[in-house]
Amino acid sequence: MTRPASIYLDTNILILFKEIQSPEQEQLAALLARCRRLGHIPFTSTLTYSELLVKLLADDNRDLIETYESWIGGGLWLKTVPPSPAVLLTASLVRAQSSKIKLPDAIHLASAIFAGCSVFLSADTGLTDIDELIHHVRGKLPMTPLKVLRPDEPTLTSLIESLTA
């Protein structure tokens with residue numbers, strides 16, 4: 001029997017979950033509900049909250065500010081990974097492997113790796129799978145290969161099904 005995927009949610013996924021009405025949003029809500037019910041709580045970085053709040057603070061969107069601030073620190077449905085020195089070192093390895101990746105994205109990918117996630121859910125098409133990271137002094141980093149998936153209906157349905165397989 002295969003172990004269910006450990007899922008990391010990029011910032012754009014949380015925006016999709018809370019702010020965008022679409023069939024994908026409904027599937028994402030179903031996925032998160034299933035994760036919570038089965039105890040497979042997804043991860044995100046504490047960096048996510050800073051990214052979520054910038055536009056809302058500029059626009060004085062108090063309702064969403066309060067919602068997102070209530071998510072800080074995780075809880076029953078979301079675990080957070082702080083940008084620790086180990087995460088930041090891993091982010092530098094991610095960027096060294098692909099110079100096109102911006103630092104915030106590298107921190108998210110590194111957070112997912114550090115949390116032991118096997119799935120990185122993101123709408124960012126510039127991100128790709130990470131099978132291994134090699135530090136030129138310390139060697140190969142012990143990690144679970146990280147698959148980057150997009151939040152389309154078939155992918156979300158497959159993730160929901162994988163949680164109960």
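Every read-out reported here was derived from the displayed coordinates using simple, explicitly stated rules and does not represent laboratory data. All values reported here derive from a predicted model rather than from experimental measurement. Don't worry about glycine lacking a Cβ; one is built from the backbone with ideal geometry, like all the others, and counts go over all protein chains shown.
Express in whole angstrom the spacing between the alpha-carbon centres of the range 79-109 and the range 17-70.
21 Å
Using only the Cα atoms of the range 57-119, what do you get for the radius of gyration and for Dmax, in Å?
Taking only Cα atoms of the range 57-119, I get Rg and Dmax of 14.4, 40 Å.
Would you list the membrane-span-like helices of the chain, meaning whole DSSP H runs whose alpha-carbon atoms span at least 27 Å along their axis and whose mean Kyte-Doolittle value is at least 1.6?
none
Among [x] 25, 21, 14; [y] 32, 23, 16; [z] 34, 16, 12, which is the computed semi-axes √(5λ) of the Cα gyration tensor in Å?
Read-out from the structure maps to [x].
What is the sum of charges around Thr48, taking Lys and Arg as +1, Asp and Glu as -1, for the other residues whose C-beta is under 15 Å from the C-beta of Thr48?
Here the count lands on -2.
Lys and Arg at +1, Asp and Glu at -1: add these up for the other residues within a Cβ distance under 15 Å of Ile72 and post the number.
Counting the neighbours of Ile72, the net charge comes to -1.
Let me have the relative contact order for the chain, percent, based on Cα pairs under 8 Å that are six or more residues apart.
Across the chain, relative contact order equals 31 percent.
Which of Leu38, Leu109, Leu14 moves most in a GNM of the chain, Cα contacts under 10 Å?
In this elastic network of the chain, the residue with the biggest mean-square fluctuation among Leu38, Leu109, Leu14 is Leu38.
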